[in-house]
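The values are calculated or read from the model by the stated rules, or taken from the named source; none is laboratory data. The structure presented is a predicted model; accordingly, all values stated were derived computationally and were not measured. Cβ placement follows ideal geometry from the backbone for every residue including glycine, while neighbour counts extend to all protein chains displayed.
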Amino acid sequence: MSTIELGEMPTADGDRPEPAGSPGLDRRLVRQVALALAVVLCAVVLAGSEVPRAEGLRPLWSVSTAEAQGTALGADALFVYRTADAVTTITAHDLATGAVRWQRRVNGAIGYIQPADAAGVLLIPTESQVLKLPSAGDGTTFEAEVHGATIAVSSRTGEELWRTGGEPYTVNGDTALMTEFSPTAALGRLRLIRLSDRATIWSRDTVGVRSYVSLPMTDRPDKVVTATDQGEVKVYSYASGALITSARIPWVTPRPDEGYFNDLSGTGDVLVVNRSQANTFDMSVYRLDTMAELWRTSHTDGYAFACGAALCLNGGQGVVAYDPVTGVERWRLPDVTNAWQLSADRMVAGEGTENGEMQLLDATTGRPVGAPLAGTLAWDGMTGRTAIVLRPTVSPQGRTAVTRWDLETGRSWLLGTIAPVGGPPCAVRPGILACNRGDSYEVLAVR
């Protein structure tokens, strides 16, 4: 691991100071002015309508991940894990400095580790099993990985706090919804536990359940929905596990390899069931409190998500916003191939490519907010008033431009450039930009 201090210039490159010149001319000052002018000119080439600001990027530290199996980013720590000789080593780095907080070894391989920041806990799925399950129709098999247990350690010290059966499906504050699977990888039980002491708040056996989802599909779920292959649907309170309602609804007999499947999504108020039958699609919307069908539509080869107070469908016909209760169309973007929600009143429509255009939209009306911006968004689980956009540079080539995007106005300004980003996209934490480059993980201060 190395720590690199490179100053406050808008580009995150390191330049050694020039030797002192003659007493009559401060060559360093001239060089800094020239560099600042170059940055402004580069911003015009890179950003078009973007407004360069006196803000920037400063590399803080990096760590090699060349032999790592994975990483997980918490609110103030980066966790790197490596498996060798049937032992997994987890190292926690302070996000601001890169200093090693703690290191812990776990026997065997582990699943994706999940920081539960509100509870100060790191959840580590263990007892991995890779099961071979039959595919419908052709006699082939596919592999599914499940985990039989979870270890909770303190994210601050690495001290083991407790162990329990199952693996986390969702985390909400000081609770986690645990899933437990049968030897055939079928869901056998749902259990809500308290992370502070692993106490069970509620537990439900789920024999026959093949599909399940927490709604809304955010970090603050309110309900849990389960469905069997016969269309038996049950809706539970997320907090108490109490059965709210149940019903039997139309259901496609699953044969995924032939294009027959069902997809569950929705909001805190409605359940959306999208059914596929060999490229023939239809979608039904149900009230979550009664499972009464509210409306139905066809040609829905996409996924549904909340967009403001509406229900948006993202598919082959573009993005369409419906009234969630009546199904009345509110607005439509026919030429959009991909869209997602950023906040209660903002969403983004884009091409989904590394350098494709994105357009900020008013979620209530679908109208554009500001000018389009090219690039991809850095992941931010705590999106506020701005977002970070990354894209390859045109001149100079071989860099990644980092731009801040104001989600209220749609205006943007260039923060600087960094070395090219490969692999998964960067992630944002307050004052931090963290980037996985494939064989290293780099953390930068961003203002």
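Data table
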| read-out | value |
| --- | --- |
| Filtered residue count, region 194-216, keeping only those that are assigned to a strand (DSSP E or B) and under 24 Å from Ser246 (Cβ atoms) | 13 |
| Residue in region 224-241 that is nearest to Ser128 (Cα to Cα), counting only those that are in contact with an Asp or Glu (Cβ under 9 Å, 6 or more places away or on another chain) and in a strand (DSSP E or B) | Thr226 |
| Looking only at region 334-364, and only at residues there that are in contact with a Gly (Cβ under 9 Å, 6 or more places away or on another chain) and β-branched (Val, Ile, Thr), the one that is nearest to Leu311 (Cα to Cα) | Thr364 |
| Filter result for the condition that a residue is out of contact with any Pro (no Cβ under 7 Å at 6 or more places or on another chain) and among the polar types (S, T, N, Q), over Thr376, Thr386 | Thr386 |
| Hits in region 352-361 (condition: buried (at least 16 other Cβ atoms within 10 Å of the Cβ) and either over 19 Å from the mean Cα position of the chain (by Cα) or not in a strand (DSSP E or B) (or both)) | Gln359, Leu361 |
| Positions within region 83-96 being under 24 Å from the mean Cα position of the chain (by Cα) and among the polar types (S, T, N, Q), in sequence order | Thr91 |
| Enumeration of residues in region 75-88 that are under 19 Å from Trp61 (Cβ atoms) and not small (Gly, Ala, Ser) | Asp76, Leu78, Phe79, Val80, Tyr81, Arg82 |
| Within region 199-216, considering residues that are surrounded by fewer than 16 Cβ atoms within 10 Å (Cβ to Cβ) and in contact (Cβ under 8 Å) with a residue 40 or more places away in the chain, the one farthest from the chain's Cα centre (by Cα) | Ile201 |
| Residue within region 55-65 that is assigned to a strand (DSSP E or B), more than 22 Å from Ile418 (Cα to Cα) and of a type in the set (A, V, I, L, M, F, W, C) present | no |
| So Leu195, is it in contact with a helix residue (DSSP H, G or I) (Cβ under 6 Å, 6 or more places away or on another chain) and not acidic (Asp, Glu) | yes |
| Failed condition for Asn262, given (1) without any contact (Cβ under 8 Å) to a residue 40 or more places away in the chain; (2) closer than 20 Å to Trp295 by Cβ; (3) part of a strand (DSSP E or B); (4) not β-branched (Val, Ile, Thr) | (1) |
| Any hit, region 221-228, residues being surrounded by fewer than 17 Cβ atoms within 10 Å (Cβ to Cβ) and either touching a Gly at 6+ places or on another chain (Cβ under 7 Å) or polar (S, T, N, Q) (or both) | yes |
| Extreme residue, modelled with the lowest pLDDT, among residues of region 380-401 that are within 16 Å of Ile418 (Cβ to Cβ) and among the hydrophobic types (A, V, I, L, M, F, W, C) | Val394 |
| Residues of region 268-290 satisfying the condition of being of a type in the set (A, V, I, L, M, F, W, C) and part of a loop (DSSP other than H, G, I, E, B) | Ala278, Leu288 |
| Filter result for the condition that a residue is among the basic types (Lys, Arg) and either crowded, with 16+ Cβ neighbours inside 10 Å or closer than 27 Å to Thr253 by Cα (or both), over Arg194, Arg189, Arg163 | Arg189 |
| Selection count, region 80-92, where residues are in contact with a strand residue (DSSP E or B) (Cβ under 9 Å, 6 or more places away or on another chain), assigned to a strand (DSSP E or B) and free of Cβ contacts under 8 Å to residues at least 60 places away in the same chain | 7 |
| Qualifying residue in region 314-323 (condition: crowded, with 17+ Cβ neighbours inside 10 Å, in a strand (DSSP E or B) and touching a residue at least 40 places away in the same chain (Cβ under 8 Å)) | yes |
| Tally of residues being at pLDDT below 95 and assigned to a strand (DSSP E or B) across region 181-193 | 3 |
